[in-house]
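Inspection log for the structure reproduced underneath, given as structure tokens.
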Amino acid sequence: MHKRKGKPGAACLSRVAGSCLNQRLAPAGYLRAAKHYRHIPMPLIDIKNLQQAAYDFGEARHWGKYHSPKNLAMALSVEVSELVEIFQWQTEDESRAIMSTASREHVEQELADITIYLTQLVTALGVDLDAAVRAKMEINAKKYPVPE
């Protein structure tokens, strides 16, 4: 974890573009109760354009017949394994610094593959990923409440 600039002792969960991700995305107290996830006015995840692009890509190559939920789940698992392989045998510090190494592009490519296959799987199963994520975040917020 990184320390937030200007806030002694406050932990930063992740750094993106030089600032704390949790500081930029979550105002103080915003995510304290599970009910908040249901009422966030914008989509948490909007994959419609990616769904269409992945569908068009596959259809142009006549791959649709291979895109069963079973095959897509297996392909997703393989791509996740390829991401894990990049981090295998690294120390915690090395893994945190990976995006400033020559492995950056490889990590990005594997994350892209994972996202594409996940999107195709969601489409094949007819899952509303935004609704599923919101529901799961509510479950997690109840299961792991913010300490008082």
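The values are calculated or read from the model by the stated rules, or taken from the named source; none is laboratory data. Treat the numbers as computed from the prediction; the structure is a model and nothing was measured. Heads up, the Cβs are rebuilt from the backbone with ideal geometry, glycines too, and the neighbour counts pull from every protein chain shown. In case anyone asks, the SASA skips ligands and DNA or RNA and just uses the protein heavy atoms, side chains included. Shrake-Rupley method; radii C 1.70, N 1.55, O 1.52, S 1.80 Å.
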- [ ] Of all residues in the stretch 38-61, count the ones that are open to solvent by 100 Å² or more (accessible area, probe 1.4 Å) and β-branched (Val, Ile, Thr).
- [x] 0
Task: Per-region count, the stretch 107-148, residues open to solvent by 70 Å² or more (accessible area, probe 1.4 Å) and charged (D, E, K, R) - done: 6
Open item on the list: Six or more apart or on different chains, Cβ atoms under 8 Å: show the pairs whose first residue is in the stretch 96-121 and farther than 30 Å from residue 70 by Cα and whose second is open to solvent by 70 Å² or more (accessible area, probe 1.4 Å).
Closed with: 98/104
TODO: Kindly check whether there is at least one residue in the stretch 109-117 that is at pLDDT 95 or above and over 16 Å from the mean Cα position of the chain (by Cα).
DONE: no
Task: helices (runs of 4 or more DSSP H) fully within the stretch 88-145 counting 2 or more residues that are of a type in the set (A, V, I, L, M, F, W, C) - done: 104-125, 129-143
